[in-house]
Amino acid sequence: MADALLLPKRDPGRPTWLRVRKARPQLVLSRRLRRRFGTLRWCGRRRLRRRRRLLLARAAGVDWKEGARQGLRAAAAAAARRPETAAPSPAPAPAPACPASVPIPPVRPVGPGRVLLLLPVEQGFTFSGICRVTCLYGQVQVFGFTISQGQPSQDVFSTYTHTFLTINAVHYSMPEKSRKEMKREARTLLKSHLNLDDRCWAMKNFSPLCSIVMLEHLKTSTVNFITSYPGLSHVFEQENRTCKINSEYLALTSVGIKKEKKRKGLHLTESALSALEELVSVSCEEVDGCPVILVCGSQDIGKSTFNRYLINQLLNSISCVDYLECDLGQTEFTPPGCISLFNVTEPILGPPFTHQRTPQKMVYYGKLSCKSNCESYIEIIKYVFSSYKREAPLLINTMGWVADEGLLLLIDLIRLLSPSHVVQFSSVSSKFMPNLTPEYVDSVNGLYTKSRRRMRNRGFPLAEFAENFEFADEEKESPVMFTGHKLISVHSEFTFRITSRNRQSHNRILRELAVLGYLGQLQPPVPKPLSPLHGLTPYQVPFNAVALRITHSDVAPTHILYAVNASWVALCKILDDVRGYTNGPILLAQTPICDCLGFGICRGVDMEKRLYLILTPVPPEELRTVNCLLVGAISIPQCVFKNQRCEGTVPYVTTDYNFKLPGASEKIGARETRETHKGKSYPKPNFR
């Protein structure tokens, strides 16, 4: 009863007390605070200003937000009454993330795992996660690829390992159509996708030149396989406890995506946009044949991002683009350690581990760098490049090794491949690299070629050039032709999250994700459940059916099976017929330059039946031509070994391992490759 009598007396007395307090100017901001105002940080000054506005508003008996709005209106009215001769003070530019300057696109759930997104023209939606994007009306652009109404849906992967993707509404032409006619057309197109309530909501928020997009929940066997390993789920989805939970957040979460700030998306520099526009224009004109575009620069500078964006831009106008991969460490469409040629016909809307594809021609080099054997690297590029038919523009990706001998090797590649355009990346943080102009390339000796100015106007047809390229020495002229190229300089201003300290671990994670993305092809299509690798049936390959070669190290013949067991193997095809020899194993003395048809895991070696047990997604009709197994320095990710579901001893995992064993791969800390003596057998893990 006493509390009930006291409470009513506090409420009316509190505003009066505040008004009395605010009437005294010394209580608003004391002299001491006023003297220290300049020494406070910006956050402290901001809190003081906000508190002062709040106290003043309470003393006046109004809401402080409403008071601020009234103050803005009064200031605008006063500015309008000013004479024209007075120079108006420049208004501060609105912040990009301010809701008043960039309206939030309306989002509405339209079913389980489905969200409708309305994007006004020139507006964007940056997100993280994976989803399927369908443009129901209008036109949008994702990572340079344009999706229009009526086109097939596209699977988009916006992961935390790379820059987030943005769905941008682009301007589309609607000649001689009023707003009423546009709404009628949009309503007709939405009938087959939405119910009446959702169509009414869309038409209520519809604006001229607005694009209507459907975002759907997406799950693929590759994504399910990668996220099944502990610690890798954050690649596609991360928890953010500071995010505001509202209806929009819940709707997007049901799809499997999350809205991100615009600044976290991709922002291309003026030089990059200019280079893209020029290269797309040259590729579509087809005046001088198909252009050959070589992209070079130091590591982690944005070459791969530029290549993906350029491919998507080209696919808006032409049907296909050829792609030559010369970067061994960070490959785009295959596991690492390969040099390959692709014919790309579909857009690239995600990182490399989400779009592993079958190449036209591929050779397994077996290492992440060519520093120890650059001559073999050049020979492999010659072999793969000979398959290019010049029926589509060719985009060449090069390594980030551009210092010392790497620069000389790059000059050899420019002379060998004879590109029509060289796109050279540079940034403030990258090392100095001279401008690779035609004059510079012509006047400097390469790693294997000599400069020949008098050979500038000579040349050979493409097929003869690929066959006749030889290494130049002091006594023999180099037959390499110098046709000249156009240098396009691109200044990169990416926000570098990779430092010299974590670069090695970051690149290793990306390589492991590429291997897991390739192994994800072994999984059955969704919605079938995942099958663990040790639950899949391997192929049985007799010893005398294939030849073996360890590419990255000299291994004694008695230790060959140590290195092959539980290793990442390349399935290759050589011209020699290896059948008819002894029971094997058949060993090669040199590493051949041959076609690689795919990869697999040597899951075990049966010494009694003299069989290799190979697990691979390569189709059986192609496996019939495989007669060579190459083992390089590319290892199977640790998570494949450590997360096997079995009882007792985990196969191939041990703490007692001899890392000094010849032919052993990098220290993954756990591979068991014991061999029993007297011709018995390797220990069979509990694979079924």
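Under 8 Å for C-alpha pairs, at least 6 residues apart: give me the relative contact order for segment 107-264, rounded to a whole percent. Present the calculation step by step, with values, prior to reporting the outcome.
Details: 278 pairs, mean separation 61.2, N = 158.
Relative contact order comes out at 39 percent.
To the nearest µm²/s, what D does Stokes-Einstein give for segment 323-414 at 10 °C and 1.306 mPa s, using the Kirkwood radius over alpha carbon pairs as Rh? Can you show the working numbers first?
Working: Rh = 13.6 Å.
For the chosen part, D equals 116 µm²/s.
If you plug each phi of segment 559-570 into the Karplus form 6.51 cos²θ - 1.76 cosθ + 1.60 with θ = phi - 60°, what whole-Hz ³J(HN,Hα) values come out, in order, with x for Gly and Pro?
10, 4, 5, 4, 6, 7, 5, 6, 10, 7, 10, 9
Quick one: Cα centre-to-centre distance for segment 124-165 and segment 303-322, in angstrom?
Answer, in whole Å: 15.
Can you tell me the dipole magnitude for segment 107-264 around its Cα centre, using point charges on the Cβ only (Lys, Arg +1; Asp, Glu -1), in Debye to the nearest 20? Please list the in-between numbers first.
Working: 21 positive and 12 negative charges, 85 e Å.
Roughly 400 debye for segment 107-264.
Percent of Cα-Cα pairs per 5 Å bin, from 0 to the last occupied bin, for segment 202-337, please list those.
Taking all Cα pairs of segment 202-337, the binned fractions are 2, 6, 11, 13, 15, 16, 15, 12, 7, 3, 1, 0 percent.
Enumerate the amide H contacts of ILE396 below 5 Å, restricted to partners 5 or more residues apart or on another chain; note that Pro and chain-start residues carry no placed amide H.
ILE293, LEU294, VAL295, LEU324
Could you put VAL133, VAL428 in order, starting from the residue whose Cβ has the fewest other Cβ atoms within 10 Å?
The order, fewest Cβ neighbours first, is VAL428, VAL133.
Among the GluC sites (Glu not before Pro) within segment 126-221, which fall in a DSSP loop and have no more than 10 other Cβ atoms within 10 Å of their own Cβ? Please list the in-between numbers first.
Numbers: sites: GLU176, GLU181, GLU185, GLU216; in loops: GLU176.
Here the GluC sites (Glu not before Pro) that fit, given the DSSP loop and packing criteria, are GLU176.
Can you compute the modelled spin-label distance between CYS284 and GLN521, with each label point 7 Å from Cα toward Cβ, in nm?
A separation of 3.3 nm, rounded to one decimal place.
Going by average Cβ neighbours within 10 Å, how do the peptides 625-638, 199-212 rank, with the highest at the top?
Top of the packing list down: 625-638, 199-212.
Which entries in LYS191/LYS219; LYS367/LYS486; LYS303/LYS431; LYS371/LYS431 show an alpha-carbon gap greater than 23 Å?
LYS191/LYS219; LYS367/LYS486
Quick one: pull the percentage of alpha-carbon pairs in segment 107-264 with a separation above 24 Å. Display every interim value, and only then the final one.
On the way: 4193 of 12403 pairs.
In whole percent, the long-distance tail amounts to 34.
Sort ASP554, ASP595, ASP442 so that the residue with the fewest other Cβ atoms within 10 Å of its own Cβ comes first and the one with the most comes last.
Arranged by neighbour count, lowest to highest, ASP554, ASP595, ASP442 become ASP554, ASP442, ASP595.
I need the P(r) histogram for segment 143-232: all alpha carbon pairs, bin width 10 Å from 0 out to the longest distance, whole percents.
12, 36, 29, 17, 6, 1
Each value in this text was obtained by applying a stated rule to the coordinates, not by laboratory testing. Since the structure is predicted, the reported quantities are computational estimates derived from the model, not experimental observations. Backbone-built Cβ (ideal geometry, glycine too); neighbour counts: all protein chains shown.
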